[in-house]
1. Scan region B:209-250 for residues that are under 25 Å from B:LEU193 (Cβ atoms) and polar (S, T, N, Q) and jot them down.
2. Could you list all residues from region A:61-96 that are more than 30 Å from C:GLY327 (Cβ to Cβ) and part of a helix (DSSP H, G or I)?
3. Hey, among B:ARG124, B:ARG84, which residue is surrounded by fewer than 23 Cβ atoms within 10 Å (Cβ to Cβ) and assigned to a helix (DSSP H, G or I)?
4. Looking only at region B:169-178, decide whether some residue is more than 14 Å from chain C (Cβ to nearest Cβ), in contact with a strand residue (DSSP E or B) (Cβ under 8 Å, 6 or more places away or on another chain) and in contact (Cβ under 8 Å) with a residue 24 or more places away in the chain.
5. What pairs come out if I take residues in region B:194-207 that are more than 17 Å from B:ARG227 (Cβ to Cβ) and pair them with residues that are not in a helix (DSSP H, G or I) whose C-beta lies under 7 Å away, six or more apart or interchain?
6. Here's a check for you: in region A:272-286, which residue that is within 21 Å of A:VAL200 (Cβ to Cβ) and modelled with pLDDT under 90 is surrounded by the most Cβ atoms within 10 Å (Cβ to Cβ)?
7. When region B:209-232 is examined, which residues are found to be without any contact (Cβ under 8 Å) to a residue 60 or more places away in the chain, surrounded by fewer than 21 Cβ atoms within 10 Å (Cβ to Cβ) and away from chain C (no Cβ under 14 Å)?
8. Run down C:ALA138, C:ALA103, C:ALA111 and say which single residue is touching a helix residue (DSSP H, G or I) at 6+ places or on another chain (Cβ under 8 Å) and buried (at least 24 other Cβ atoms within 10 Å of the Cβ).
Amino acid sequence: MSGARLVRLLATAAAVSLAVAGCGGGGGDAPDGRDTGAAAPNVPAGAADPRGDGKAQCSGVNLAYVGSIAGDNAALGIAILNGAKLAVKQHNDANPNCQVTLKQFDSEGSPDKAPGVVTQVINDPSVLGVIGLPFSGESKAVGATINQAGLVAITPSATNPALARNGWRTFFRGLGNDAVQGPAVARFLTEELKASKVCVLRDDSEYGIGLAETVRGALKDKVVCEDQVKTKQKEFSATIGKVEQARPDAIFYSGYYTEAAPLAQQLRDRGVDAKLVAPDGAKDDEFVKNAGDAAEGAYLTCPCVPADAFTGFFDSYKKEFGVEPATYSAEGYDAATVLLKALDKGLKDRAAVLEFVRGYEGQGLTKKFRWDATGELTETPVWSYRVENGKIVKHKPIGS
Amino acid sequence: MVHQLATAVAQGDGGWIDFNVPLLVDRFWSNTVDGLAYGSVYALVALGYTLVYGVLRLINFAHSEVFVVGAFAAYFTLEGLGFRPGPTPQLSTLSIVANLLLAGAVAMIASGLVAVVLERVAYRPLRRRNAPSLVFLITAIGASFVVQQLFFVTRGANPERAIRILRPRPLFEVFGAKVTNIQIIVLVAAVALWVVADGFVNRTRLGRGIRAVAQDPTTATLMGVNRERVIMLTFLVGGVLAGAAALFYLMQIPQGVVYNGGFLLGIKAFTAAVLGGVGNLRGALLGGLLLGVAENYGQSLLGGAWRDVVAFALLITILMFRPTGILGESLGRARV
Amino acid sequence: MNAHIASRAGVRILARRVGEWWHGLSRFQQWGVLVPLVVLIYLLPVLNPPLLTTEPGTDFPIAMFNAARMALIAIGLNVVVGQAGLLDLGYVGFFAIGAYVAALLTSPDSALGVRYPWLVVVPVAMAVTMLSGVVLGAPTLRLRGDYLAIVTLGFGEIVRLLADNVEPLRGNRGFQQVAGPPGTHADGSPIFTQTGGTPWYWLVVTVIILVLVLVGNLERSRVGRAWVAIREDEDAAEIMGVPTVRFKILAFVMGAGVGGLSGALYAGQIGFVNNQKFDVVTSVLFLAAVVLGGAGNKVGVLLGAFVISYVPDRFQAVAEYKFLIFGLALIVLMVFRPQGLLGARQRLLARGRDAYRRLVGRPEQVVTKGPTPDSGRGVRT
């Protein structure tokens, strides 16, 4: 359960941003000091579209999704898979002469299932690119193997910084890693929120632990209490007791929305009114909906740019799958789009696709995509968001 | 490695295992109150394990799914009554009580029915064939998978969006610990349900049948007890209690409606049943409350990471010194 | 309905015929049947039979390796559950310890800073797990039946949670580059890789055969008879002079050793160990393999393990539904065949075949009946 960036694309958030931008006269700072977005870097106006020009020619080339489809970790995997499916469908509908199949492989998000399915992917010569693997654990288990096969794999969600340090040439990360966000969060806590006493709570995922470490390292003695919760834990009274005793100005919860929502609600129910900050793992509509009114006023940080052009994606996704896009859906869509661009060029082998992705530069829905030699994105701006009136709205850029 | 582990644990490697005695003392009463309220959910689910175990000598591994069915049933009832996720609405006391009672009733019926159906499908055919008891365990696991996956396939992997109609409010304080309205409702209702269940088993004619079968199935059958009916009744009662537990759980944790939400809670509840003495109704109540409280103390003392370790370590320690649980096995030997 | 009953009776008669036929053969003739069968089993990943194959979902040789690994685990657990009748729900703990020992001693991520060769690590892993078997067994084995089950469940969970929480065990981060067995092809590339399931499969099948021979011999010895006596009635065994605790610990230790071995094999093939796969569900699946196949019957247990590991791999194509199918398969199989695919044979004599022939003048009757691990207090019907 590592892996971790959440770019849940909210039409609502996008709509609000648009509205605010409109009021502010198309740019500049709004009266309340909120940056309004026109000045935001990389507004994805020219976001790459999987449809392309509709004239692509290709045959016998495919993509594969490798990740969880069933099992305990299915939610995250299915969101990515659907995002990728949508991109491929849009591509195929627009390009009659380039029909690409997205092959699906279920790794159950588990390091011991991954080798079997990955071997299968590698042995299928028609697969020129992989969207996956979502989790850091399984990525660690099979990364070297994928590298040996020279097969491009863009992970839409695995954020463990160490993954890029293995020397795998085929590893690309479609989002910022955990080391980018931590220092920005710490600055946000101390400078923007003026917190001098912070409680750092984390879950037991690699993501939560890693991010909490970097935040704690940057906050140093401003950390007045720490505790760990377990994944799937829903009852937090003992942890809240610890927070009550420490009386912090702000609480940073390093983890995902599934635990963040009940934690926020129980904190507020118990009368703890410290400012609440959570990372991209909790920046999801589910967090706001599940925490009831307790999410109101909470801050969320994310190495993702507020997106004004997401409404189209949101609507098509909802139309296609009957549910709203969830965590990483847009990352999956973006990853698939990058790979589709390679196929549209008529590339026919893995080495060519690898070269294409290494040299790729282009705007996606979630951010600008250009990778350095290790497979990390070169630009990973971090933004803060705020829950206002039951919606996640952008707050300000807090680092890059 | 055992030695290494031991030293690592003792040295508090990484600083995650300091003994935070001041926190334990400081939060003692609030931990107790919270633990009792949460533990009453364990206790009600544990009653189901205990009843079935008492009668059939069978760990009903699918019982946790019966609980999940109750949670979904209560959720859908609230949704059907027009409540939606989001801020807690302001309702009159009467309306809150009526809605909760309705949701609870539906949950209890749904859980009870599913428990009975599970018994029919997964256990009865095996009893007919005199299958060894291990086999019941496997069909229970199979049934558990099926129920879980039905929710997974139809409702997806994300939890249902939380609906809450009653906001917790502190009513009074015990030694500085706030006690909320929800906690009082849950505790009182759980104990009341336990009293009813205990009375049913110990004082009614049907309950006597349950005890008779638990004590000696062959003789009970010879004396005219309809064994199959008693077994069905046992599953029904256990299921109904799990349905009630599901409502009490949702009142405290509205985010808990998810396809795999029963698993950990089921293990904990079973642990509670064994702690108190499996097959013993009083033991289930005691074990549930004790486990809820002990988990909280352990977390304060050792840190949240050790929450589940505390529960299992407590279990192992108690079984070492008192292998039949705190109160002993007793459904069969209950006072007559 | 009648046809249904008739067909089921038919199956039973057929099974008995096959059993009688098999036991009627001389040792020599048995080998004649067995050798081609074993050769066929060895060849499976190479043949990749069309209907049996798990492709395109997952690589068939690797699926076969996973099935074989599960089979090895099932044999180890069968010693504890099937032979000695001790219900163990925490067997995954031993498996985890084996995997973690291998990781700690070979991974560059390990704080120990050593990189021992795999061949050295395997016996160490087994020794450590066997030791932990004693540590767990000595105090807990006076418990019986379900209480033992729940204590072992607790043990398994505690092992997993320690892996979560104890810093040197690296929790979710895990250990990369865990070593595998040595050996290279002529061109210098390693034989045992993550993508090459076949060598691993052959290795595990060979290990299984060795373990089967060992366990089979134990079974026919005084030890095996003591185990069966304990399984059928512990009190009676005690009264008849069987030192029950000692034999129960022995069963635990034997099982633990095999569990540790499979853990080390697992770690070697994946090359990566973290805290993800050592939960109760995994433990329960191990047990399901044993019971499904027929606790106490070694061949049955192999079959059961195959089903448990194979079904989810086979139905990759309908990934969302595979656990639903799995659950239904478990219920249906157990309802129609409660004693397991193959039941335990109640053959206690060291030279059962000869003795039967001498006594009765005809081949041994094969009784298929499930073991009753808690006969004294089991389901009473």
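The values are calculated or read from the model by the stated rules, or taken from the named source; none is laboratory data. As the structure is a prediction and not an experimental result, all values here were calculated from the model. Heads up, the Cβs are rebuilt from the backbone with ideal geometry, glycines too, and the neighbour counts pull from every protein chain shown.
1. B:GLN215, B:THR234
2. Looking only at region A:61-96, we keep the residues that are more than 30 Å from C:GLY327 (Cβ to Cβ), and these are A:61-63, A:86-96.
Matches in region A:61-96: A:LEU86, A:ALA87, A:VAL88, A:LYS89, A:GLN90, A:HIS91, A:ASN92, A:ASP93, A:ALA94.
3. Working: B:ARG84 fails: assigned to a helix (DSSP H, G or I).
Only one candidate passes the filter, namely B:ARG124.
4. Residues of region B:169-178 that are more than 14 Å from chain C (Cβ to nearest Cβ), as a first pass: B:169-178.
So of that shortlist, the ones also in contact with a strand residue (DSSP E or B) (Cβ under 8 Å, 6 or more places away or on another chain) come out as B:169-173, B:178.
If we keep only those that are in contact (Cβ under 8 Å) with a residue 24 or more places away in the chain as well, we get B:178.
Within region B:169-178 (the criterion being more than 14 Å from chain C (Cβ to nearest Cβ), in contact with a strand residue (DSSP E or B) (Cβ under 8 Å, 6 or more places away or on another chain) and in contact (Cβ under 8 Å) with a residue 24 or more places away in the chain), the answer is yes, since at least one residue qualifies.
5. B:ASN202/B:ALA334
6. Start the filter on region A:272-286 by keeping residues that are within 21 Å of A:VAL200 (Cβ to Cβ), which leaves A:272-284.
Now narrow it down to the ones that are modelled with pLDDT under 90: A:280-284.
Values: A:ASP280: 30, A:GLY281: 30, A:ALA282: 32, A:LYS283: 29, A:ASP284: 27.
If we take residues in region A:272-286 being within 21 Å of A:VAL200 (Cβ to Cβ) and modelled with pLDDT under 90, then A:ALA282 is surrounded by the most Cβ atoms within 10 Å (Cβ to Cβ).
7. Within region B:209-232, B:MET223, B:GLY224, B:ASN226, B:ARG229 qualify.
8. Values: C:ALA138 fails: buried (at least 24 other Cβ atoms within 10 Å of the Cβ); C:ALA111 fails: buried (at least 24 other Cβ atoms within 10 Å of the Cβ).
Only one candidate qualifies: C:ALA103.
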